[in-house]
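Asker: Structure provided below as structure tokens; questions to follow.
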């Protein structure tokens, strides 16, 4: 019962985080990298993460698959 509660909260936090990232991407596309209410270059950070996963070869592919599995639950 407690574990289901904790799992539910974690899922909701992940959903909220993904929504915030999507909102930050849309805001950066509309207002550019100089948007005063964004802490940095969100799109560059994401492309850097994706690039590092791609450069890691098989380990990056496995990590990407695990991230995909987490988000599609």
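Asker: Averaging over every viewing direction, what projected area does the convex hull of the Cα atoms of the chain cover, in nm²?
Answerer: 6.1
Asker: In addition: Kindly provide the helix-only [θ] at 222 nm of the chain, computed as the sum of -39,500 (n - 2.57) over DSSP H runs of four or more divided by all residues, to the nearest 500 deg cm²/dmol?
Answerer: Result for the chain: -27000 deg cm²/dmol, rounded to the nearest 500.
Read-outs throughout are calculated quantities, based only on the coordinates presented, and are distinct from any laboratory measurement. Because the structure is a prediction, the values reported are computed rather than measured.
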